[in-house]
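> Below is the structure I would like to discuss, written out as structure tokens.
Rule-based calculations on the coordinates, nothing more; no lab input. Predicted model, so just to flag it, every value in this text is computed and none were measured. For neighbour counting, all protein chains shown are included, and Cβ atoms are generated from backbone atoms with ideal geometry for every residue, glycine included.
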Amino acid sequence: MMPATPSTFRRWQARLFSTPLQGAITLVILAALTVAAVPLIRWALINATWQGTTRADCVPGGACWVFVKARFLQFMVGFYPEAERWRAGLWALLAALALIALIKAPAKHRGSVALGVVVLLPSLGIWLLAGGYGLKPVETRDWGGLMLTMFISIHAAFIAIPLGILLALGRQSKLPVIRLISILFIEFWRGVPIIAVIFLASLLLPLIMPSGVGVDRLARAIIGLGLVIAAYMAEAVRGGLQALPSGQAEAATALGLGYWRATRLIILPQALRISLPAMTNEFIALIKNTTLVLVVSILDLLGVAQASIADPNWVGMSMEAFAFSGALYWLICFAISRWSLATEASLARATER
Amino acid sequence: MRLSALLYDKKIRDLIYQVAVLGGLVATGVYFVRNASENMVKAGIASGFDFLGRTSGIDVPFVLTNYQPSDSILALFWAGVANTLFVSLIAMVLATVLGFLIGLARLSNHWLLSTLAGGYIEFVRNIPLLFFVLFWYFGVIAALPQPRESIGFFGIAFLNNRGLTVPATESLSAFGWALIAILIATLAHWTYARVAKARKEATGQDAPVMLVGLVLLIGVPVLALVVASIATQWSIPALRGFNYRGGFVIIPEFVALLAALVTYTAGFIAEIVRGGIQAVVKGQREASYALGLTRGQTLRLIIIPQAMRVMIPPMTSQYLNVLKNSSFGAAIAYPDIVSLFMGSALNNTGQAIEIIAMTLAVYLVIGLAVSALMNVYNENTKLVTR
Amino acid sequence: MKKTTLTLLALAGMAAAPAMAQTLAPSPTLDAIKARGSLECGVHLGLPGFSFANDKGEWTGLDVDYCKALAAAILGDANKVKFTPTSVQQRWPILQSGQVDLLSRNTTITFSRNASLGINFQGINFYEGQTFIVRKSANVKAAKDLDGASVCVAAGSTEEKNAADWFRERSMKVTITNFQKNDDAIAAYDAGRCDAYTAGIGALAGQRAKLKVPGDHIILAEPISNDPQGPVTRYGDERYQAVVRWVLNGMIAAEALGVTSKNVDDMKANSKNAEVRRLLGAEGNFGAMLGLSNDWMYNAIKQVGNYAESYDRTVGKDSALKIERGQNQLWTKGGLLFTPPFQ
């Protein structure tokens, strides 16, 4: 123990107090941190209530995590019928497995695995959650919570990624009409606030369909989000396309490959690899933006949190509800961004060789 | 034979592709529009823009235009546009300042400062903006005192949970003159800087650009504003009944939305700043030190001007995000265009399509203007390669 | 020709429902409800007493009860109704675009809504009067004491305009802050952002429960406006509109005639009152005339109850809100509730 102490001490001293100015900065920051963090820790941990079942068990002065415990399943799945909640769990497992398959698949098969996921996950997932064909039907209005947040994000991404790739290719196209249409589409959706788009989608979609054709309101929100994110994805992919040396396309043409084959075999695999970090960022933005479905009364994670605050039996629990749901959002987005950094690094290593 | 030859001709084929895509899009569009008009006629929903002339009757707590509840819905629309622009512009400036500070802190060689800045960035980037808006709103209201316990500033401005009440004036003419003086000073400075730069390039002589800039860009505006405020009649807020009367109220919704936009966007701008500065090759810094420039000078004269080039495109999209994200104000009753027009007005008239189209157009037009401005700036700072 | 057939059938007195159905006006909405097997009802996001979902997602309230009664009348089962929570902004588009069959959500009847939104109001199930909730410490006795106050309100509600008009008429300087949802507005009021929150008396009674310390606030007794509320449908489909209208009338008539969920079987079998017999389908073909089964109101009353039962259970004396009947009493007992005769 003794030998380790001096070197650790030195290291910290070098980090924090190498010069008088540095020392002063350190002290100011530490003081500010203490002022900010101590009441927070006291509220969230020391004075918090962990045990109990009703509001009466809450001790004033600290957080009442009993509330989160009592409402935990609602935060996860909303009003999904109790007897059917195993289906939500199974869906989460399915989505997780699909994700792992995508990440772990060898580069050679990644394309076909991705195709399989894009086809299988929505069809299996929607059947599992919505029911029918042997399962008890559960309407989308009963879905909610974290499950719904992830459902919306994943399916909007399934719309956004392929459409975004097409739009990015369209924007680079030599055909003027195609290029113009792509640019207009991208710039329109990138120029308007998502809150307005979700409202627009929920309002306009039923109106532009022939009468009698209904579009589920969850589907409407997903389509709206998918279109906006497609425009952002297109810009992310464009970055990758532009980073590719033009020699790649020229070489492919010289080999006699047509446009689509050159794009599929030569251009896209390289471009997508370059734009993966940017695309991941857009996916994180998408998860964060799902909170806006609240404006069309769809109860995602944040929506469930807000709805639970209105419960007269649990008055005054807003801090707890927001802290818990906020932490969940943070964990998910942080994990994805870390994964993206790690892949970026490993891809960089792979290309350096 | 000839037909297949035609099909294999690249030009013809490209043309067919384009016509097919365009035709498909137009057909879909026509189909949707026809459905919509049929459905609307069937549902008996009024259409057209006549509703803009109707009296709005909606009271708005924070108005920058001359809007009154007895004015038309069109006036309400402009009041919303003004509020959206107001909060967006101020948020863009403040977020840039805070973002630069955090970005530089992230690159600092002080371990704790850099770690803290990194922690802040990771925290901010992974939480939905809506949380920030709600947090600041209820945090701001909770932290501020009730009207009777207001915090006074020299007896003319008062801060409480109804907002910051500041003196206001009916006539702004003196400030109009001040604004003109400031514009002239800015123009003068710009011309002077140009001349000084040309002279430096020709003769190598340094001119006191900084000092003159200080006088022209800070001294003149301050003087002009002080003179203008002395020359104006003020209404000083006074406590009567529930709250202060008179003056102009900066509402807490504005402060909360601004704080949320600034703290959130700063996290993204900080990353752009860090990336931009790191993109400047190390040799530049070393050469600058070798020339005897101090650290501050190196940062100001060598690093940041070069980093700006890398930073401008992502900064543009952050500024556009601020504009679009100002619509989150609707969640906390900040009377922006979404809240006033897509909220109150839509509800009173029910003309959803017209109102949404107008709202989207506002964002598109402002967005295009911001992009154009940033493009001009980009052209000016672009690396001139020979 | 048709008319003679009808007369003949009526004379025969044995008019079976299917035969009648051929002469009925087409009703796409009723057909859709029957095909779907459920009624789609748009309700308030969460207003205790009127429409509120507990943590299991079960809806209760006065507006909810009406929809259940309508489902019972059309489909024979009060549980065959699905509730779509709607915000203040969304309610019109959701109704106009056909996503719900009706709105039963604490919505005020106004001329301009009726005239320009393509919607019809089908009667009154609650006479609401707009008033304010204030802190006891503020020492406010009536709305006229609110000069200089700031008031939280839901954007786009009738209350927003009512309050602005009322204060403007009296040259009172009141700041009105408009929130997108009632819940946001009341949360802001509770946090001290406003001196008062305004809504209908009934709504306020329910929302008071959401405040941190409900006892610290009082609801001003004197209303500043009269806001009659009731079910809303789209333009078109007259037969469906008649069903919506007469189920509401039926619930009120049942109270006036003394028919309750408890005695409805007995009344149907033994009542001598012709109107009761017509209401419950023991006499005449009232259900069939609207394209429903003749026990339409029997089902509604049996499964949901008459207006008084529903009122007492959700907002009245047996509920947490304990709102007096007041204007929502029958016209025979000094209130305003009135129903045209079942003849």
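> With only Lys, Arg, Asp and Glu charged, each at its Cβ (+1 for the first two, -1 for the last two), find how big the charge dipole of chain C is about the Cα centre; round to the nearest 20 debye.
220 debye
> Sticking with this one: How would A:LEU33, C:LEU102 line up from fewest to most surrounding beta-carbon atoms within 10 angstrom?
Arranged by neighbour count, lowest to highest, A:LEU33, C:LEU102 become A:LEU33, C:LEU102.
> What distance in nm lies between label points placed 7 Å from Cα along the C-beta direction at A:LEU175 and C:ASN54?
Each label point is offset 7 Å from its Cα along the Cβ direction, giving 6.0 nm.
> Step through the residues of segment C:65-70 one at a time and calculate ³J(HN,Hα) from phi using the Karplus curve (6.51 cos²θ - 1.76 cosθ + 1.60, θ = phi - 60°), rounding each to whole Hz and writing x for Gly and Pro.
Rounded to whole hertz, the list is 4, 4, 4, 5, 4, 5.
> Of all beta bridges DSSP finds with both residues in the protein assembly as shown, what is the antiparallel percent, to the nearest 5?
In the protein assembly as shown, approximately 65 percent of DSSP beta bridges are antiparallel ones.
> Comparing A:PHE324, A:PHE151, A:PHE75, which has the greatest mean-square fluctuation in the GNM of chain A with Cα pairs linked when under 10 Å apart?
A:PHE324
> Output wanted: per-residue J couplings in Hz (rounded whole) for segment A:97-107, from phi through Karplus 6.51 cos²θ - 1.76 cosθ + 1.60, θ = phi - 60°, x for Gly and Pro.
4, 4, 4, 4, 4, 4, 6, 7, 4, x, 3
> Before rounding to the nearest 500, sum -39500 (n - 2.57) across all DSSP H runs of length at least 4 in chain C and divide by the residue total; then give [θ] at 222 nm in deg cm²/dmol.
Here the helix-only value at 222 nm equals -11000 deg cm²/dmol.
> Projected onto the charge dipole of the protein assembly as shown (+1 at Lys/Arg Cβ, -1 at Asp/Glu Cβ, origin at the Cα centre), which of A:PRO60, B:MET358, C:THR29 gives the Cα projection farthest towards the positive end?
Going by the Cα projections, it comes out as B:MET358.
> Work out the charge dipole of the protein assembly as shown with +1 on the Cβ of Lys and Arg and -1 on the Cβ of Asp and Glu about the Cα centre, then indicate which of A:THR253, B:SER371, C:PHE179 is farthest towards its positive end.
Highest projection toward the positive end goes to A:THR253.
> Still on this structure, please answer the following. Check the protein assembly as shown for me: any Cys whose beta-carbon has no other cysteine beta-carbon within less than 4.7 Å?
A:CYS333
> Using the Cα centre of the protein assembly as shown as the reference point, and only Cβ charges (+1 on K/R, -1 on D/E), how large is the resulting charge dipole? Debye, rounded to the nearest 20. Intermediate values should be presented prior to the final figure.
Values: 92 positive and 66 negative charges, 601 e Å.
Dipole of the protein assembly as shown, to the nearest 20 debye: 2880 debye.
> Then there is this: Work out Dmax and Rg for chain A from the C-alpha atoms and quote the Rg first, both in angstrom.
Considering chain A through its Cα atoms, Rg and Dmax are 25.0, 81 Å.
> What's log10 of I(q)/I(0) for segment C:129-226 at q = 0.10, 0.17, 0.25 Å⁻¹, Debye sum over Cα points only, no solvent?
Taken in order of the listed q values, log10 I(q)/I(0) reads -0.21, -0.63, -1.57.
> Now for a different question. If each residue's Cβ is checked for other Cβ atoms within 10 Å, how do A:TRP189, C:TRP246, A:TRP12 rank with the fewest at the top?
A:TRP12, A:TRP189, C:TRP246
> Please state, as a whole number in µm²/s, the translational diffusion coefficient that the Stokes-Einstein equation yields for segment B:1-139 at 37 °C and 0.692 mPa s, with Rh defined as the Kirkwood radius across alpha carbon pairs. All intermediate terms of the calculation are to be shown ahead of the outcome.
Working: Rh = 22.1 Å.
Rounded, D is 148 µm²/s.
> When the Cα atoms of the protein assembly as shown are enclosed in a convex hull and the volume is divided per residue, what value in Å³ results?
Hull volume normalised by residue count: 246 Å³.
> What residue among B:ILE184, B:ALA43, B:PHE131 has its Cα farthest toward the positive end of the dipole of chain B, where the charges are +1 on Lys, Arg and -1 on Asp, Glu, each on the Cβ?
Projecting each Cα onto the dipole axis, the largest value belongs to B:ILE184.
> Still on this structure, I have one more. Treat every Asp and Glu Cβ in segment C:136-286 as -1 and every Lys and Arg Cβ as +1, leave all other atoms uncharged, and give the resulting dipole magnitude about the Cα centre to the nearest 20 debye.
120 debye
> Which residues' amide hydrogens lie under 5 Å from the amide hydrogen of C:HIS217, considering only partners 5 or more residues apart or on another chain, with H built in the peptide plane?
Here the answer is C:LYS136, since their amide H atoms fall under 5 Å of that of C:HIS217.
> Sorting B:GLU149, B:GLU271, C:GLU128 on the 10 Å Cβ count, fewest up front, what's the list?
Fewest-to-most ranking of B:GLU149, B:GLU271, C:GLU128: B:GLU149, B:GLU271, C:GLU128.
> Just grab the label-to-label distance for B:ARG295 and B:ALA357, each label 7 Å out from Cα along the Cβ direction, in nm (one decimal).
If labels sit at B:ARG295 and B:ALA357, their model points lie 5.9 nm apart.
> Taking 7 Å along the Cα-to-C-beta vector as the label spot, tell me the C:GLU238-A:ARG261 distance in nanometres, rounded to one decimal.
If labels sit at C:GLU238 and A:ARG261, their model points lie 6.9 nm apart.
> Which of B:GLU201, B:GLU286, B:GLU122 moves most in a GNM of chain B, Cα contacts under 10 Å?
Most flexible of the set in this elastic network: B:GLU201.
> Around C:ARG105, under 9 Å between beta carbons, what's the net of Lys plus Arg minus Asp minus Glu among the other residues?
Its environment carries a net charge of 0.
> For A:ILE126, what is the net charge nearby, where nearby means another residue's Cβ is under 13 Å from its Cβ and Lys, Arg count +1, Asp, Glu -1?
Around A:ILE126, the surrounding residues sum to -1.
> Also, quick follow-up: Given a Förster radius of 30 Å and the C-beta distance between A:LYS69 and A:LEU97 as r, what FRET efficiency does 1/(1 + (r/R0)^6) yield to the nearest 0.05?
Efficiency at R0 = 30 Å is approximately 0.60.
> Report the net charge of residues surrounding A:LEU244, where surrounding means a beta-carbon distance below 12 angstrom and charges are Lys +1, Arg +1, Asp -1, Glu -1.
Net charge around A:LEU244: +1.
> Hey, what's the Cα Rg ratio for segment A:20-66 versus the globular rule of thumb, 2.2 N^0.38 Å? Kindly include the intermediate steps, with their values, before the conclusion.
Numbers: Rg = 16.4 Å, N = 47, 2.2 N^0.38 = 9.5 Å.
Dividing the Cα Rg of segment A:20-66 by 2.2 N^0.38 Å gives 1.73.
> On to the next question. From the mean inverse distance of alpha carbon pairs (Kirkwood) and the Cα radius of gyration, derive Rg over Rh for chain B.
1.05
> For B:ALA143 and B:LYS200, what is the calculated FRET efficiency with R₀ set at 41 Å and r taken between the beta-carbons, to the nearest 0.05?
0.20
> Follow-up question, since we're still on this one. Looking at this model, which pairs from A:LYS69/C:LYS56; C:LYS68/C:LYS210; C:LYS262/C:LYS302 are more than 19 angstrom apart at the alpha-carbon?
Numbers: A:LYS69/C:LYS56 15 Å; C:LYS68/C:LYS210 26 Å; C:LYS262/C:LYS302 7 Å.
Those over the limit are C:LYS68/C:LYS210.
> Also, quick follow-up: Using a Gaussian network model of chain C whose springs link C-alpha atoms within less than 10 Å, name the residue from C:LEU24, C:LEU321, C:LEU146 with the highest mean-square fluctuation.
Highest fluctuation among the options: C:LEU24.
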